[in-house]
Amino acid sequence: MHNYNNRRVLLTGAAGGLGAPLAKMLERAGAEVIALVRSEPDGGIPGAPKARIIMVDLEDFTELESVVNAEIAANGPIDTLINNAAIYPKARVTGLEHQELERVLKVNIIAPAILTKCCAEGMKTKHFGRVINISSIQFDLAFEELSAYVASKGALIGITRTMARDLGPYGITVNAVAPGAFKTDAEKIHTDPEAYSQFVLDQQALKRRGTPEDFANLVLFLGSEQAGFITGQNIRVDGGWVTS
């Protein structure tokens, strides 16, 4: 287990299918977890009873910046930022309303950029920081009816690379993690879960479904001291679905 003692971690999407297990593992590693969520989860974050929950709308940039800046001013710099929250409406490009596209871009790319801006100043003063953006193998696969989501994740990978250049001189690493298919609520968009699960196994080199812990293990590594010479990368954790 990586040592996160005395580390302040800001995590979006902390109540979701990948976010909650990640918050749990971060807390077990010793991190102080600050969870940004849209609405208060019943009973808090499962497995992370000490996580401090802050409710904020990622689409409201003024509120988002104000809330995060206030948290930093009151309690100190953020050491690790994990931009995990995302939305993924399903629609063919001919049926995609511009309001929905705008909403996806707000949550999936603009909010992470704002959060990075807010957290980076404190990281620079410490000459240490980790920014981890959660992308997706959908950028490589580009399934139909997910054009807005795929576009946002492509943009997130691009901004990860430029942020790594911008922030590297200050000892801050910026990487992206691209999850494959994990059994979370995201799979509810598929009408036949059993058939989809078999489809996933057929695509992967490893013939088992990935677990949230598989995902979290990579994120914790990238946030650790040991990953200090890795930056600007988009690293897949997908059981070998995408191999090129």
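A few remarks follow.
- Close Cβ contacts (under 7 Å, 6 or more residues apart or on different chains) running from residues in the range 129-152 that are closer than 17 Å to Ala85 by Cβ to residues that are among the acidic types (Asp, Glu) comprise Ala148/Glu100.
- Some residue of the range 169-179 being in a helix (DSSP H, G or I), surrounded by fewer than 15 Cβ atoms within 10 Å (Cβ to Cβ), at pLDDT 95 or above and not basic (Lys, Arg): yes
- The numbered conditions (1) of a type outside the set (D, E, K, R); (2) in a loop (DSSP other than H, G, I, E, B); (3) buried (at least 16 other Cβ atoms within 10 Å of the Cβ) are all true for Ala35 except (2).
- In the range 198-216, of all residues being in a helix (DSSP H, G or I) and out of contact with any helix residue (DSSP H, G or I) (no Cβ under 8 Å at 6 or more places or on another chain), the one that is nearest to Gly171 (Cα to Cα) corresponds to Asp214.
- Summed over the range 116-133, residues that are surrounded by 24 or more Cβ atoms within 10 Å (Cβ to Cβ) and closer than 19 Å to Gln233 by Cα total 5.
- Candidates are the residues of the range 90-111 that are closer than 13 Å to Asp60 by Cα and among the charged types (D, E, K, R); the one that is surrounded by the most Cβ atoms within 10 Å (Cβ to Cβ) is Lys106.
- Just one of (1) in contact with a Pro (Cβ under 7 Å, 6 or more places away or on another chain); (2) surrounded by fewer than 16 Cβ atoms within 10 Å (Cβ to Cβ); (3) among the aliphatic types (A, V, I, L, M) fails for Leu156. It is (2).
- Every residue from the range 1-32 that is in a loop (DSSP other than H, G, I, E, B) and more than 16 Å from the chain's Cα centre (by Cα): Met1, His2, Asn3, Tyr4, Asn5, Asn6, Arg7, Ala29, Gly30, Ala31
Let's see how each residue does on (1) farther than 25 Å from Ala70 by Cβ; (2) among the aliphatic types (A, V, I, L, M):
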{"site": "Ala85", "(1), (2)": "no, yes"}
{"site": "Leu96", "(1), (2)": "yes, yes"}
{"site": "Asn108", "(1), (2)": "no, no"}
{"site": "Thr116", "(1), (2)": "no, no"}
{"site": "Glu121", "(1), (2)": "no, no"}
{"site": "His127", "(1), (2)": "no, no"}
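- Only one of Glu40, Glu65, Glu59 that is outside any helix (DSSP H, G or I), over 26 Å from Phe221 (Cβ atoms) and at pLDDT 95 or above: Glu59
- Scanning the range 57-86 for residues that are within 17 Å of the chain's Cα centre (by Cα), over 19 Å from Gly122 (Cα atoms) and either buried (at least 19 other Cβ atoms within 10 Å of the Cβ) or in contact (Cβ under 8 Å) with a residue 40 or more places away in the chain (or both) returns Leu58, Glu59, Asn84, Ala85, Ala86.
- Residues satisfying the stated conditions in the range 69-97, i.e. among the β-branched types (Val, Ile, Thr), within 23 Å of Ala155 (Cα to Cα) and either in a helix (DSSP H, G or I) or modelled with pLDDT of 95 or more (or both): Thr80, Ile82, Val93, Thr94
- With respect to the conditions (1) in a helix (DSSP H, G or I); (2) over 19 Å from the mean Cα position of the chain (by Cα); (3) within 30 Å of Thr162 (Cα to Cα), Phe229 lacks only one, and its number is (1).
For (1) polar (S, T, N, Q); (2) within 24 Å of Ala31 (Cα to Cα), each residue gets a yes or a no:
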{"residue": "Glu59", "(1), (2)": "no, no"}
{"residue": "Asn69", "(1), (2)": "yes, yes"}
{"residue": "Ala73", "(1), (2)": "no, yes"}
{"residue": "Gly76", "(1), (2)": "no, yes"}
{"residue": "Ile82", "(1), (2)": "no, yes"}
{"residue": "Ala85", "(1), (2)": "no, yes"}
{"residue": "Lys90", "(1), (2)": "no, no"}
{"residue": "Thr94", "(1), (2)": "yes, no"}
{"residue": "Glu100", "(1), (2)": "no, no"}
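The values are calculated or read from the model by the stated rules, or taken from the named source; none is laboratory data. These figures come from a predicted structure and were not determined experimentally. Cβ atoms come from the backbone with ideal geometry, glycine included; neighbour counts cover every protein chain shown.
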